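These notes are about the structure you will find just below.
Every number here is computed from the coordinates shown, using simple stated rules; none is lab data. Just so it is clear, the model here is predicted, and its values are computed rather than measured. Ideal geometry is used to build each Cβ from the backbone, glycine not excepted, and the neighbour counts take in all protein chains shown.
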Amino acid sequence: MIEEVIVNTQQEELDPFKIAQRQLYNACKLIGLEQDVYQSLAEPEKFIEIKITMKMDDGSIKTFKGFRSQYNSARGPMKGGIRWHPEESESLVKALSAWMTWKCACVSIPLGGAKGGIICNPKELSENELQKLARNYIRKLSGDVGPNIDVPAPDVYTNPQIMAWMMDEYETIIGEHAPSVITGKPIELGGSEGRSVATAKGGTYCIREAAIDHDIDLKKSTVVIQGYGNAGSHVANILHNEYGCKIIGISDSKGAVYNTNGIEPYDALAYKKETSSVVGLQNTEPISNEKLLEMECDILIPAALENVIKKKNAKNIKAKIVAELANGPTTPDADDILYKNGVTIIPDFLCNAGGVTVSYFEMVQGYYLHFWSEKEVFESLDKIMSKAYRDTVNKAKEYNTNNRMGAYIIAIQRVVNAMKLRGWI
Ligand code: GLU
């Protein structure tokens, strides 16, 4: 018997790593996995904590805490982004590294899972300070990352420029070029075409397939997007311009707005760039973040941070499909409520796997120093995402469970097989 992950308080209920472990536990139970195998999957292989002390522009001295969680390497070099956020924590990095492991396995790219982070507010740092932080982070981790060990990438509040500084620092340390040490780089330094929109693009391939399954005509469909950052704004553009969807509500960390007659995604992005928020966008009305999630719509896309759909509000979700572009937006209790209410989830580590899949293409291109066109990237991405979506839905049907569990079962079986073949278990 596997020991259940018990949560007693609301704080524990929303603790990211406890959530990741509960999800894993639920999936392992469905497939009857042995306790010792579950244990081997329930913690990272290696967890690194670092401190970065540096002189700020004003002469003051600051110390930042950073992490890298290397979750599982059975299927290949570990892979996952680096998040710079004031609320970054050990628990969150571990959870995100677990989800990266399941993500790479679910879409069947030959990589393991990892995640990194620094507790900081990049919005308060100068360009010079950002560069110092990036170089310091990679210097501290230089023995633990590498094209065949662990390959970082961007995540919340990190970007191609930060990846470029990190790559340069790593190459300086090892004394040779190694572009595949990091992905999400600028195109000029070996980045891949299509990488900046890849998370959104991959999500839209899943949405397209789910719409077919649910008889939703995307040209007549309505979409609400929570979070208007990189993933959220790109998914709005693609769904509106390529599929004819009507975007009726959007939000960011400062608030939410709606218009049931439709919002023009380009205008919203231009307005956000100018004013730093979508709040106050012309032809829209303000709405609370809670009410935005509960709007009547066909597709709801959480595209920001964790734990937005939980026990408290899950019963009020009216969308037919929840497409999770964020990592961890729905808690396990909320999952049960949504499933009972007939709301279909495209689970995070399937829905947002487009980012890491194109990162994998970037690694391959970096090894060969031969680069693909955007068309080639998107065609290959479509094949991988559509197949992973179908596999997930079929597995969920086979086990009479929700799509999240379907995706978990596929991923766990692949990771466990790799561990068995290596003789680890
Ligand atoms: N940070 C992204 C994710 O959560 C991309 C990771 C990567 O490209 O390695 O999937």
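Numbers for the structure displayed
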item	result
Where Rh is the Kirkwood radius over Cα pairs, Rg/Rh for the stretch 102-151	1.09
The stretch 107-167: relative contact order as a whole-number percent, Cα under 8 Å and 6+ apart	40
Largest-first principal axis extents, alpha carbons of the stretch 23-95, Å	58, 24, 18
Pairwise label distance in nanometres, Asp36 with Lys273, each label 7 Å out on the Cα-Cβ vector	5.8
Label point distance in nm, Asp213-Lys420, each placed 7 Å from Cα along Cα→Cβ	2.6
Gap separating the Cα centres of the stretch 142-191 and the stretch 10-76, nearest whole Å	21
Cα pair count fraction exceeding 26 Å, expressed as % - the stretch 1-131	32
Rounded D (µm²/s) - the stretch 272-347, Kirkwood Rh over Cα pairs, Stokes-Einstein at 37 °C, 0.692 mPa s	249
Once the Cα gyration tensor of the stretch 356-425 is diagonalised, semi-axes √(5λ) in Å	28, 19, 7
Segments 51-60, 409-418, 94-103 sorted - mean Cβ within 10 Å per residue, highest first	94-103, 409-418, 51-60
Spatial extent of the stretch 187-318: Rg and Dmax, with the Cα atoms as the point set, Å	14.6, 47
Viscosity 1.306 mPa s, temperature 10 °C, Stokes-Einstein D of the chain from Kirkwood C-alpha radius, µm²/s	73
Charge dipole of the chain about the Cα centre (unit charges at C-beta), most positive-ward option of Ser276, Gln131, Ala407	Ala407
Kirkwood-type radius of the stretch 209-256, with distances r between different C-alpha atoms, in Å	11.2
Mean-position separation - Cα centroids, the stretch 230-273 and the stretch 379-425, in angstrom	31
Shape metrics for the stretch 272-425, restricted to C-alpha atoms - Rg then Dmax, Å	18.7, 61
Size of the stretch 166-261 as Cα extents on the principal axes (Å, biggest first)	56, 33, 18
Set of lysines with alpha-carbon distance to Lys46 below 27 Å, sequence-local pairs under 8 removed	Lys18, Lys29, Lys62, Lys65, Lys79, Lys94, Lys103, Lys115, Lys132, Lys140, Lys185, Lys420
Whole-number percent relative contact order across the stretch 254-378, with pairs defined as alpha carbons under 8 Å at least 6 apart	18
Set of aspartates and glutamates near Lys273 by C-alpha distance (under 13 Å), chain-local residues within fewer than 8 positions excluded	Asp252
Helix-only CD estimate at 222 nm, as mean residue ellipticity for the chain, using -39500 (n - 2.57) per DSSP H run (n ≥ 4)	-14500 deg cm²/dmol
Sequence-separation-based contact order of the chain, relative, with Cα cut under 8 Å and 6+ spacing, percent	16
Whole-percent pair-distance distribution, where bins are 10 Å wide, for the alpha carbons of the stretch 77-225	10, 36, 33, 15, 6, 1
Formal net charge of residues neighbouring Arg422 (Cβ-Cβ distance under 15 Å; K, R +1; D, E -1)	+2
